[in-house]
Every structure is written in structure tokens, then in C-alpha cells.
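J.: Before I ask anything, let me first share the structure, which is written out below as C-alpha cells.
Only the coordinates and a few stated rules stand behind these numbers; no lab work does. Everything numeric here is computed off the predicted structure, so don't read it as measured data. No Cβ is skipped: glycine too gets one built from the backbone with ideal geometry, and neighbour counts run over all protein chains shown.
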Amino acid sequence: MNKETLEQNYRAVTANIQQACKRSGRSPDEVGVIAVTKYVGIETTEAVLDLGVGHIGESRAQEAVPKWEALGNRGTWHFIGHLQRNKVKDVVGRFTYIHSLDRFSLAQEISKRAAQKEVTVRALLQVNVAGEESKFGLSPEEVVDFSREVAALPHLTVAGLMTMAPHVPNSEEVRPIFRELRALRDKLDTYRGASEKQLELSMGMSNDYEVAVEEGATMVRVGSSLVGRER
Ligand SMILES: *Cc1c(COP(=O)(O)O)cnc(C)c1O
């Protein structure tokens, strides 16, 4: 994608987020944009970083590692895709955040690899709010207990909650999903107590990020409407 188009897209996304913040009485400072670069190569990913976007999201370890090797010293990297246990060693040490923690065996492996690399991974619990068969994630009922269990692991901290809403033509339809994740976040914050930092809410993609921002997203994961699709 050429730089001009990329810049226009980024300006549009930023303006849309500002509008959504205005509509919902929020400050745009509360919303971070994660540029999802899984559709594009190293060159476009570099152009994204050149725009000043500080957060990069990737969903497949095999493709993300070479990109990280080229550009990992720039920006903060977020692993957002389903993560297999045998790929954890490639992700930990490179990615600051993992948005797809959905089972205890994965949490154990992350903590173990993080200990070896002397880092602490910030994990977001993926929640399958809509209960879709095709999606990964904890059910909303499991989240509180699960977060307590993983809190005992030394090299992993629970940094927030993540969801993927069903892909529907009218993004208004997924508003209740985002609202439910937010309520779950607030509940978890209450359990954790005031001394802990408020948990992040990673929700909203190209199709629905404006609604997600209105419902309290602190991280939106925007791919195709920012970088297009090279593959
Ligand atoms: C691909 C992906 C995105 C970005 O999707 P777009 O619709 O292209 O913005 C966001 N989150 C996750 C988990 C993804 O896999």
C-alpha cells in the first residue's frame, strides 16, 4: 500500500475514534490503536510504524517472527491470534501483550517461557461473549475464576479482556457484546481491588471499532481498514 493511502486511512481511523469518543463523553487518550498488520508484509508494516503508530498486532507466529526480527525494536507488539502451546516460545520475549489467553495450560506455558527469558507477559483473557462455536475464548462465567488461577503464575499478569464480536453487516448489532465485556471488566476490577491498575478492554475491529469505543474499548485492533489486504 502506498504511503499516502496509508496516511489517509490512519487519519480517517483516528478521526472516527475521536468522533466516537465525543459521542460517548470519553477522551481519545483512553483509546489505543493497535495496527493489525497480518495482511501485509514488512515494508507496509514499517510504513505503519513510520506514521507514528506505536502498537503492532499480529496473529500468526510463523509470519510474525520474521517481521519482529526486522522491526521489533520499534513499537510495542501484540499477539492477537489463537496461540498454540508449541508456538509460545516464539512469541514470549518478542510480544509484550498476548490477547488470546483462553486456557490454563497455555498460561502455564507462557509463564514458564517468560521465566526463562526473564520477562513478564501481559495477557488479556479472550472471552467468547457471543458463545460462537467457531471462536475461541472463555465463557463469561469462567472469567473471574480463571483470572484468579492465573494470578498465581509469576511471569504473567492479567492486563485485560479481549473479545471478537461476530461479523455482521450492521455493527449496532454487536453493541450488547461489547457492553457485556465491559461489565465483566468492571466486575473483575472490583474483585481485584482499587490498588490494581484498571484492566484494558481490547475490542473493536475494522467493522465495529466505533461502536466498541462508544462502549469503552481501551484498545482497538484495526487491520484491513488501515492497511488494506495485500494477502
Ligand atoms: C485480523 C484480526 C483483527 C483485525 O481485523 P480487521 O477486521 O481487518 O480490522 C483484529 N483482531 C483479531 C483477533 C484478528 O485476528
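J.: Please list, ordered by chain and number, the residues whose modelled amide H lies under 5 Å from the amide H of G57; skip anything fewer than 5 residues away on the same chain.
T.: A35, V36, T37, H78
J.: What Rg and what Dmax come out for the chain when only alpha-carbon atoms are used, in angstroms?
T.: 16.9, 47
J.: Which shape class, rounded, prolate or oblate, goes with segment 15-135 when its Cα gyration tensor gives a ≥ b ≥ c as root eigenvalues, a/c under 1.5 marks rounded, and past that a/b bigger than b/c marks prolate? Kindly include the intermediate steps, with their values, before the conclusion.
T.: On the way: a/c = 1.82, a/b = 1.25, b/c = 1.46.
Here segment 15-135 falls in the oblate category.
J.: Separate question: Do any of K38/K67; K87/K112; K135/K187; K87/K117 go past 19 Å between their Cα atoms, and which?
T.: K135/K187
J.: For the chain, what does the helix formula give at 222 nm: sum of -39500 (n - 2.57) over DSSP H segments with n ≥ 4, over the residue count, nearest 500 deg cm²/dmol?
T.: On the way: 9 runs with 96 residues, N = 231.
One gets -12500 deg cm²/dmol as the mean residue ellipticity at 222 nm.
J.: I've got another one for you. Based on alpha-carbon centroids, what's the gap between segment 76-140 and segment 184-231 in Å, whole number please?
T.: 16
J.: With viscosity set to 1.002 mPa s at 20 °C, what whole-number translational diffusion coefficient in µm²/s follows for segment 150-219 from Stokes-Einstein and a Kirkwood radius over Cα pairs?
T.: Translational D for this selection: 167 µm²/s.
J.: Magnitude of the Cβ-charge dipole of the chain, K/R +1 and D/E -1, about the Cα centre, nearest 20 debye?
T.: Computed charge dipole of the chain: roughly 460 debye.
J.: Next question. Enumerate by residue number the GluC sites (Glu not before Pro) in segment 176-231 meeting two conditions: DSSP loop (anything except H, G, I, E, B), and at most 16 other Cβ atoms within 10 Å of the site's Cβ.
T.: E196, E230
J.: Right, something else. What residue among G193, V174, M203 has its Cα farthest toward the positive end of the dipole of segment 165-218, where the charges are +1 on Lys, Arg and -1 on Asp, Glu, each on the Cβ?
T.: It is G193, whose Cα lies furthest towards the positive end.
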